[in-house]
Amino acid sequence: MANPPLPLLATGLSQQSYLEAIFQSFIKDGVLQVYSYHGQDAALAIAETFPYKRPDRHIAVVLETETDNPIGFGRSTKRPATGSFGPAQPESFGTSPWRSPDLTEWALVDDRIRQEYERIRQDTATKVPPEQHEKTKLWNYVGLSARILSLVEAQPFDLDSLKQKSRQVRELCTFIEKTLLPKPKPKPVPVTAADWF
């Protein structure tokens, strides 16, 4: 029996779109499912209670803090969480934290997405009044999130290229593969007549 999909928790609909586009191959293979919650507090509350409801399962959370030190972490739920659900320690969470100030950095590795993002940025730059320029980064982020799934629909996201460029994504992919991909079945040992007697 195949393992159920690993829950990957996102902190909003825009982030969910990015994650579904980037990890499209895992989703199509049925090993990952992205869930969206309203903000980091909600996602962390779900992640904190998950070990009590499903102690046999694993969970992953991606957090964006929009700083140079954001935290995402894989969480083994083989034992209940204790205390606050803070930054992951590799020895207790089964993987090193993966980090990205915002998911745009991961998405822009794919050339098609980078080209679309540049179009969005140019469009925003001509339409946003000067007093609103501090909001343009957010508008660009949301604008790309609205289009990213259609960009990867016909041709999948270049996850291999992203894994080559980002240690954190490699670790997240390894975490997904280790926790969910079916274990190979042992090969049957041929039985000889001598085994019957």
Principal axes of the stretch 5-49: Cα extent on each, largest first, Å: 29, 22, 8
Peptides 10-17, 149-156, 161-168: what's the order by average Cβ count within 10 Å, highest mean first? 10-17, 161-168, 149-156
With the crude spin-label approximation of a point 7 Å out along Cα→Cβ, what separation in nm comes out for Ser161 versus Gln33? 3.1
Segment Asp56-Lys135, length gained on full extension (0.36 nm per residue, minus Cα span): 24.2 nm
Please give the per residue accessible area of the stretch 1-57, computed with a probe of 1.4 Å over protein heavy atoms only, in Å². 50
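If I take R0 = 30 Å and measure r between the Cβ atoms of Val128 and Glu177 in this structure, what FRET efficiency does the formula 1/(1 + (r/R0)^6) give, to the nearest 0.05?
Result of the calculation: an efficiency of 0.10.
The values are calculated or read from the model by the stated rules, or taken from the named source; none is laboratory data. Computed from a predicted model, the values in this text were never measured in an experiment. Neighbour counts run over all protein chains shown; Cβ positions are idealised from the backbone, glycine included. Heads up: the accessible areas ignore ligands, DNA and RNA and are worked out on the full protein's heavy atoms, side chains in. Shrake-Rupley method; radii C 1.70, N 1.55, O 1.52, S 1.80 Å.
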